[in-house]
Amino acid sequence: MVETVRGPIELERLGTTLMHEHIFILDPQALQNFNHVWGEPYWDEEERVADAIAKLQRARDGGVDTIVDPTVIGLGRYLPRIQRINEAVDLNIVVATGIYAFLELPGFLAYRSDDTITEIFVREIREGIDDTGVKAAFIKCAVEEHGIVGDVPRILRCVAAAQVETGAPVMVHTNAPAQTGRLALDFLTDAGVHPSKIVIAHAGDSNDLDYLRYLADSGAWLGQDRYGIEHFNPSADRIATTTALLDLGFGGQIQLGHDAACFYDFMQHNPPFAHERPDYLRIHHELLPALRENGVSEEQIGQMLVENPRRFFS
């Protein structure tokens, strides 16, 4: 079984799964203070909810059965909104516990003990997130280009402790150019987490096969999970690297996704992201045809989109 927003389901019902997608990235504090800074508000609740329902329904109609959403504290997780959307779309949505922070804990948690933070993670896995009744199925954390500094060691220790206690897998956001996947992997495994329970998110931003082989040789998962975000790695390079990894025999450790969302608040009125068009179906429409042209089999595609997600959550 695996927990979803609508309750536990059998692993076989995950079907075709995108392993790293968001629905909303929305900082509530930013919303409370900046919504009208550029004139017209960038957020309207009813408009955005309707838009998300339409986009997720399009994904469902396009062949996606499940999305794995690693939106946690630091990214604006708000489960009641997601529950409302999921009532309107027949899609499995798997959510996470954890903290997304590059340097320091948010003030609400910074003055609490590590045991307390760990207990929160465990509670969200075993009992549910706040009073929503929704249980997290995995744990999310981050190691950015700064490395394991500031409060990041505390967060990773709490994540590792919760993983060891519950068995829930871990997704760690990393910076591929800085190769922080090495740091995250070494820290978490030293703290008792088995590599097979760790996905190095955004490994797909790198085309360095030596780096990717280091991660994969440990038994960890490779997050090829920003397909379509040209800012981090051009799609043509991603296709070539994914094909090379498959040729090397790492198909059983690849997780596919777009890191897309129905709404990113940090992209609003932000020129570097003016041309981003997140789309939950770019893998289906662009990546898979290209992989087939490169000789990738349907069995390998099914492994990445269906079998690997089941194994990750088993």
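The values are calculated or read from the model by the stated rules, or taken from the named source; none is laboratory data. What you see is a predicted model; the values in this text were computed from it and never measured. Virtual Cβ from ideal backbone geometry, glycine too; neighbours counted across all protein chains shown. These area figures cover heavy atoms from the full protein model, side chains too; ligands, DNA and RNA do not enter into them. Shrake-Rupley method; radii C 1.70, N 1.55, O 1.52, S 1.80 Å.
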> Just one of [x] 20.4; [y] 19.6; [z] 21.3 is Kirkwood radius over Cα pairs in Å calculated from these coordinates, so which is it?
Replying inline: [y]
>> Before I look further, what does region 38-183 give for accessible area per residue, probe 1.4 Å, in whole square angstrom?
In response: 42
>> Could you tell me the center-to-center distance, by alpha carbons, between region 148-208 and region 87-108 in angstrom?
In response: 16
> Quick one: what does P(r) look like for region 103-229 with 10 Å bins over all Cα pairs, in whole %?
Replying inline: 13, 43, 33, 10, 0
> What ranking, highest mean first, results for peptides 84-93, 272-281 when packing means the other Cβ atoms within 10 Å averaged over each residue?
Replying inline: 84-93, 272-281
> Roughly speaking, to the nearest percent, how much of the chain's 1.4 Å accessible area is carbon and sulfur?
Replying inline: 49
> Using the Karplus equation 6.51 cos²θ - 1.76 cosθ + 1.60 (θ = phi - 60°), what ³J(HN,Hα) coupling, rounded to whole Hz, does each residue of region 256-265 give in order, writing x for Gly and Pro?
Replying inline: 9, x, 10, 6, 7, 7, 6, 7, 10, 5
>> Per residue, how much accessible surface does region 195-305 expose to a 1.4 Å probe? Answer in Å², no decimals.
In response: 39
> Straight-line reach from LYS135: which aspartates and glutamates have a Cα under 12 Å away, not including same-chain ones fewer than 8 places off?
Replying inline: GLU3, GLU124, GLU127
> So what does the Cα-only Debye profile of region 153-298 read at q = 0.09 Å⁻¹, as log10 I(q)/I(0), no solvent term?
Replying inline: -0.30
>> I'd like to compare 130-137, 286-293, 117-124, 199-206: which one has the highest average count of other Cβ atoms within 10 Å, and what's the full order after that?
In response: 199-206, 117-124, 130-137, 286-293
> So who's got an amide H within less than 5 Å of the one on PHE138, skipping anything under 5 residues away but keeping other chains? H placed 1.01 Å off N, in plane.
Replying inline: THR97
> For the charge dipole of the chain, defined by +1 on Lys and Arg C-beta atoms and -1 on Asp and Glu C-beta atoms about the Cα centroid, which residue among SER218, PRO41, VAL143 has the Cα displaced farthest towards the positive pole?
Replying inline: SER218
> Given region 27-140 reduced to its alpha-carbon atoms as identical point scatterers, what log10 I(q)/I(0) does the Debye formula return at q = 0.10, 0.11, 0.16 Å⁻¹?
Replying inline: -0.37, -0.45, -0.90
